[in-house]
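Here's the structure, in structure tokens; my notes come after.
Bear in mind these aren't lab numbers, they're just calculated from the coordinates by the rules spelled out. Being a predicted model, the structure only gives us computed values, none of them experimental. Here the Cβ positions follow ideal geometry from the backbone for every residue, glycine too, while neighbour counts run over all protein chains shown.
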Amino acid sequence: MTAFSLEPAQLAWCAELRALAAERLRPLAGKGEPGRVNRALLAELGALGLLPRLFTSGALELCLMRESLAHACTEAETALALQGLGAHPVHAHGTDAQRAHWLPRVAAGTAVAAFALTEPAAGSDAAALSLTATPATPGRPVRPGGADGWRLSGEKCWISHAPEADFYTVFARTTPGAGARGVTAFLVPADRPGLTGTALDMLSPHPIGALAFDAVPVTADDVLGEVDRGFRVAMDTLNLFRPSVGAFAVGMAQAALDATLGHTARRDAFGGKLKDLQSVAHQVAEMALRTESARLMVYAAATAYDEGAPDVPRRSAMAKLLATETAQYVVDRAVQLHGARALQRGHLLEHLYREVRAPRIYEGASEVQRSIIAKELYKNLEDR
């Protein structure tokens, strides 16, 4: 299989996912409360066997899931993706005990996971984290199974699934002044003393909140990976999920394109159909061209990840950048071609217009992706 064509079985699976999203997930999404975790939707994702795939799928299969779900139900796509983002560090870097306790519940949709990286003064610059992990007993080494550990103090903000998650993958500074080398990843259950959260009223319909850490206790048994090596945990997770953010964007772009094709083929205007106007037809052609280009780059980046290629950071950044910027363009053009009806609350495009903006910011803003691409290009030049 190449990155540029899917096998018939993969195409059939994508069609099945789109049908499941429309028939079984969209009704549950419609019953959810904006800004709140939809636990019924998560439970259905688990019952359908989609959440367990987060821990058995490669990057390409993750992209196919996210694109297919996004085409029919963005709420289901986002619920699945956030479970994966929050729990992947546990799956990839956790201890046997951590995995055994949390992953079956995540897969069933009964435990809600969250990825707590961003801070008020450290968004895309993850190495600038200031949430502090202070040794509970200064001068005494922290050992697995011991009561000694650290106390987390500081804030996280714009955390998806906060403050309703059951556990958080939290990145905190264990060595001051060490930049990316002094960050540790912790698995922090939501019921730890000193941990509180507040919901934020955001444009996106899924829950986003802020977390406050007031000397929250963690021990060596809560560490994900190694002490002072948490930045690697974060980047490993983001390199996997960045192409699939692009897949989410491609699914939204395709939904907007499909809606526009139907509308312009039916709509009477100026003595004919909208599609017969060259200015309209050329816009639709451009929307299709950009959507397919983004899709191919997403598939290529995901395949590179699955094959262990050395240029995964560059490809992942390119895929996320192109796909999210493309989706913004396509949805905006679709709104323009639909006219005022697309801005009416409840219209598909009104929903997509609200959903499409955030992916250009989270998991590394578009500007950060450009910086990553440039850095990787010049690094390759120096290595020659």
Amide H to amide H, which residues 5 or more places from residue 224 or on other chains are under 5 Å from it, using H placed in the peptide plane? 185, 186, 187
Please identify, among 277, 50, 117, the residue showing maximal mean-square fluctuation in a Gaussian network model of the chain using a 10 angstrom Cα cutoff. 277
Helix 59-72: inclination vs the chain longest Cα principal axis, degrees, rounded to 10, gives 50
Spin-label zone in the stretch 335-350 - amide nitrogen under 13 Å from a point set 7 Å from the Cα of residue 269 along the C-beta vector: 335-342
Using the alpha-carbon atoms, what tilt in degrees (0 to 90, nearest 10) does helix 74-93 show relative to the longest principal axis of the chain? 30
Among 49, 189, 13 the positive-end extreme of the charge dipole of the chain (Cβ point charges): 13
So how strong a dipole does the stretch 113-228 carry about its Cα centre when Lys and Arg Cβ are +1 and Asp and Glu Cβ are -1, to the nearest 20 debye? 340
Place +1 on the Cβ of every Lys and Arg and -1 on the Cβ of every Asp and Glu in the chain, take the dipole about the Cα centre, and give the residue among 82, 233, 111 whose Cα lies farthest towards its positive end. 82
Would you mind checking the tilt of helix 366-383 against the longest principal axis of the Cα atoms of the chain, expressed as 0 to 90 degrees and rounded to 10? 70
Scan of the chain for GluC sites (Glu not before Pro) in DSSP loops with at most 16 other beta-carbon atoms within 10 Å gives a longest site-free stretch of 1-163
Taking the highest mean first, how do the peptides 109-116, 188-195 order by number of other beta carbon atoms within 10 angstrom per residue? 109-116, 188-195
Taking the chain as a Gaussian network, where each spring joins two C-alpha atoms under 10 Å apart, which residue of 247, 172, 12 fluctuates the most? 12
Between 231, 270, 248, which gets the highest mean-square fluctuation from a Gaussian network model of the chain, Cα cutoff 10 Å? 270
Of all DSSP beta bridges located in the chain, what percent are antiparallel, nearest 5? 85
Report the relative contact order of the stretch 1-95, percent, no decimals, based on alpha-carbon pairs under 8 angstrom and at least 6 residues apart. 34
About its Cα centre, the chain carries a charge dipole, from +1 on Lys and Arg Cβ atoms and -1 on Asp and Glu Cβ atoms, whose size in debye to the nearest 20 is 420
Enter the Cα centre distance for the pair the stretch 1-75 and the stretch 211-257, rounded to the nearest angstrom. 19
Helix-only [θ] at 222 nm, the chain, -39500 (n - 2.57) per DSSP H run of 4+, per residue, nearest 500, equals -17000 deg cm²/dmol
